[in-house]
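Okay, so here's the structure we're looking at.
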């Protein structure tokens, strides 16, 4: 079955503008575009949209969701189980909250007095927030680890030697961090970086973006790259992502 952007927006209870934005940033592309120029979605995109909305419930950013869904190690069943666990925790909290309110109503009507220590049962979301943070840490780490494992499979184990050879790229990038990552010279350096990586292994767009993620997430990368300029790992991550999205 196929859906127009309007039909899918209505089905998922989101706006057409939201779907247009997801398409623009590469998070959810339509299956095809009709001869009249309309976006057409299938059940595959519908399932992907469901996952996107699930991850939003866990407070993931759109960039994080895109990286997770595009990872070859993404496991939909694991994600569904994670979402189910979150909903069960929220269900349990709401049941406690309803019980607290019912007992307060009963007390106001002359019934049994509720203990002061029980007046706040169900009001705290600390457990829910802690679960969200745990989920974010796990999924974010898996994306980074998967990219690192793929590098090691290609024989890139000597990080120090690799880092030293990259100085001619990192230093001029650090000198240009006052510019937007879309700057022509910055993007030329990203192209040079990708070409350099291709000398050692097949640095696909996906791996290149994953490498940028590791520059920020992995302590070894972060520490060594930061010596060329504070904030350089974060800047490289954005510049490498921009390169892939706009080349």
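Selection of first residues in the stretch 188-200 that are closer than 15 Å to residue 174 by Cβ and in the same structural domain as residue 177 (by TED's automatic domain parsing) and of second residues that are at pLDDT 85 or above and crowded, with 20+ Cβ neighbours inside 10 Å, restricted to Cβ pairs under 7 Å at least 6 apart or on distinct chains, gives the following pairs, ordered by first then second residue: 189/173; 190/239; 190/240; 190/243.
Of all the residues in the stretch 24-45, those that are touching a helix residue (DSSP H, G or I) at 6+ places or on another chain (Cβ under 7 Å) and assigned to a helix (DSSP H, G or I) number 0.
Is it true that some residue in the stretch 69-76 is assigned to a helix (DSSP H, G or I), surrounded by 16 or more Cβ atoms within 10 Å (Cβ to Cβ) and in contact with a helix residue (DSSP H, G or I) (Cβ under 9 Å, 6 or more places away or on another chain)? Don't jump to the end; show me each part of the working.
Filtering the stretch 69-76 down to residues assigned to a helix (DSSP H, G or I) leaves 69-70, 76.
Then keep just the ones that are surrounded by 16 or more Cβ atoms within 10 Å (Cβ to Cβ); that gives 69.
Those left that are additionally in contact with a helix residue (DSSP H, G or I) (Cβ under 9 Å, 6 or more places away or on another chain): 69.
Taking every residue of the stretch 69-76 in turn, at least one turns out to be assigned to a helix (DSSP H, G or I), surrounded by 16 or more Cβ atoms within 10 Å (Cβ to Cβ) and in contact with a helix residue (DSSP H, G or I) (Cβ under 9 Å, 6 or more places away or on another chain).
Within the stretch 12-36, the set of residues being in contact (Cβ under 8 Å) with a residue 24 or more places away in the chain and touching a strand residue (DSSP E or B) at 6+ places or on another chain (Cβ under 7 Å) comprises 30, 31. Entry remark, the stretch 223-247: residues being over 16 Å from the mean Cα position of the chain (by Cα) and over 15 Å from residue 173 (Cβ atoms) number 4 in total.
For the criterion of being surrounded by 13 or more Cβ atoms within 10 Å (Cβ to Cβ), in contact with a helix residue (DSSP H, G or I) (Cβ under 9 Å, 6 or more places away or on another chain) and assigned to a helix (DSSP H, G or I), residue 19 passes. Mind listing whichever residues of the stretch 49-68 are surrounded by fewer than 17 Cβ atoms within 10 Å (Cβ to Cβ) and over 10 Å from the mean Cα position of the chain (by Cα)? Correct list: 50, 53, 57.
The values are calculated or read from the model by the stated rules, or taken from the named source; none is laboratory data. What you see is a predicted model; the values in this text were computed from it and never measured. Methodologically, a virtual Cβ is constructed for each residue, glycine included, from the backbone with ideal geometry; neighbour enumeration extends over all protein chains shown.
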